[in-house]
Amino acid sequence: MKFNKTFLAVLSMWVAGSAQAALIDRGGGLLYDDVLNVTWLQDANYAKTSGYSDTIGYVSGGNLKWNDAKTWTENLVYGGYSDWRLPKVTLGTPLVNGVDYSYIAPSVNSELGYMFLVNLGLKSYRLPFPSTTLQPDYGVHRNGDSGGQENVGLVINLRSDPYWYGNSWHAPFTATHAWSFDYITGGQGGLQKTSSSYVWAVRDGDVASVAAPIPEPETYAMLLAGLGLLGFIARRRNRRPS
């Protein structure tokens, strides 16, 4: 009986410890960032996957104008949730300070930048400001190539292209430009709202607080092995003479 309790304690600690990564697969196409406390769509180009048509009926390849991108995210219902939004960047002062603009440092102020540099471990064209050192293995494709998409870590259909933020750019361009993060170069800045960029939906909070996460295959294997071992021990105990 003592062995059983010890095994269960070790198994519980292993399962809990395996979930302490910065980006956690909650199953059902949902990824949770336990640092920023946000949940991402696992599909970084779901606008294309879902066959979304923009306001003029154009079936998008996933790249939308800023207003269409906001409309898509704000009307998206996925995984039982309807509070999706575009990612956000929290700006510091002064505006151009190496964290908010150009090739950024790993900062929680930038949701797309934190995903790029920390969760996915991708590199920017240059080392973070103010360095001028070039990195040849930058971007989604890790060779500087633009366009196309691939799976990176837990994320699928990640484009090597700019992605929209939900923030308008700074004055006097507030009405005409919005912030974007470039998944080619690892930099961020302003882009005309009438341009087309890609859309990656995110929501605040963790879905696990509402619905239990779906265990990963490795977790299933450990649980099954543990249950099998406990069953074997129980059978041996039952066979002992009274």
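The values are calculated or read from the model by the stated rules, or taken from the named source; none is laboratory data. Note that this is a predicted model, so its numbers are computed, not measured. Here the Cβ positions follow ideal geometry from the backbone for every residue, glycine too, while neighbour counts run over all protein chains shown.
Structure data summary
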| item | result |
| --- | --- |
| So residue 100, is it over 21 Å from residue 23 (Cα atoms), assigned to a loop (DSSP other than H, G, I, E, B), at pLDDT 90 or above and not hydrophobic (A, V, I, L, M, F, W, C) | no |
| Breaking point among (1) at positive phi; (2) surrounded by 16 or more Cβ atoms within 10 Å (Cβ to Cβ); (3) not aliphatic (A, V, I, L, M), for residue 126 | (1) |
| Which numbered condition residue 126 misses (of (1) at pLDDT below 80; (2) closer than 16 Å to residue 180 by Cα; (3) charged (D, E, K, R)) | (2) |
| Residue match in the stretch 129-152 (condition: within 24 Å of residue 109 (Cβ to Cβ), outside any loop (DSSP other than H, G, I, E, B) and in contact (Cβ under 8 Å) with a residue 40 or more places away in the chain) | no |
| Test for residue 175: is it modelled with pLDDT under 55 and either in contact with a Pro (Cβ under 8 Å, 6 or more places away or on another chain) or not in a strand (DSSP E or B) (or both) | no |
